[in-house]
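Data first, discussion second: the structure below is written as structure tokens.
The values are calculated or read from the model by the stated rules, or taken from the named source; none is laboratory data. This one's a predicted model, so the numbers in the text were calculated from it and none came from an experiment. Please note: Cβ atoms are built from the backbone with ideal geometry, for glycine as well, and neighbour counts cover all protein chains shown.
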């Protein structure tokens, strides 16, 4: 019996790892990029390059995007991609939210082993590997493995407003369904949740498991939502150390002044919204709250500049 048991143990050790245990989830360290549909590339370039002041970085673009703008350089390598909108025009102009992982092949194996339908791994000309998929509600996401620091086309201008892309939000119909994917499967953790009323939950923010970037569920949105409403809800946020200074800089860059001004939101943070030429909301938000948030306390560490 002892000899049989020993032989079985040796046989088990000789099996491939995937035959013994399912693949482990690799690290998810933050948001790598957001991709937006636009109708007029030149107008959008002026908005993101001149008004927001982000430097052009075309060698960071993945696939068929037409233009890229660096948000952060160095190790994080975050950027905003612009892609010509298809015809007929989409309802949702947030084309993709991509997350950074340390091992894109392992991430794909991990998801496949758990029955998630994923795309094939593509390798860009700059060496970056990524694959695409959709979450349970059909939101387009991707996982990207950073292959190294890439130079941008020009040195970062001193007038860039925001040097950290620290969250992206999109409409969610059923938080429990999305949680089964993001929280249970991918390991995202609660950062904060709250609503217009103290007892309501209209926003749920969950951080990546190995960093402080987060995604935001935009809940309780009427169906169907038109393009303007989706432009408000499906958004991304740039972190700033002082939102009033960021506002002044945007105005100095040519932002058309409206009645909107920086304010403290229900989350206790100073923030300010502007809209690109296709009505996609770009939010500028401070890294830490200025006062206690409504509804619930924060449950995880705040991001840093």
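For a quick check of your reading: which strands (runs of 3 or more DSSP E) sit entirely within segment 157-269 and have at least 3 residues that are over 15 Å from the mean Cα position of the chain (by Cα) and in contact (Cβ under 8 Å) with a residue 40 or more places away in the chain?
189-194
Kindly evaluate residue 293 against the criterion of being modelled with pLDDT of 95 or more and either assigned to a strand (DSSP E or B) or loosely packed, with under 14 Cβ neighbours inside 10 Å (or both).
Here the answer is no, as residue 293 does not meet what is asked.
How many residues does segment 112-133 contain that are without any contact (Cβ under 8 Å) to a residue 24 or more places away in the chain, surrounded by 15 or more Cβ atoms within 10 Å (Cβ to Cβ) and either over 19 Å from the mean Cα position of the chain (by Cα) or not in a strand (DSSP E or B) (or both)?
1
Going by the structure shown, is residue 283 closer than 30 Å to residue 107 by Cβ and touching a strand residue (DSSP E or B) at 6+ places or on another chain (Cβ under 6 Å)? It would help to see each step written out before you state the result.
Working: closer than 30 Å to residue 107 by Cβ: yes; touching a strand residue (DSSP E or B) at 6+ places or on another chain (Cβ under 6 Å): yes.
Taking the combined requirement at face value, the residue satisfies it.
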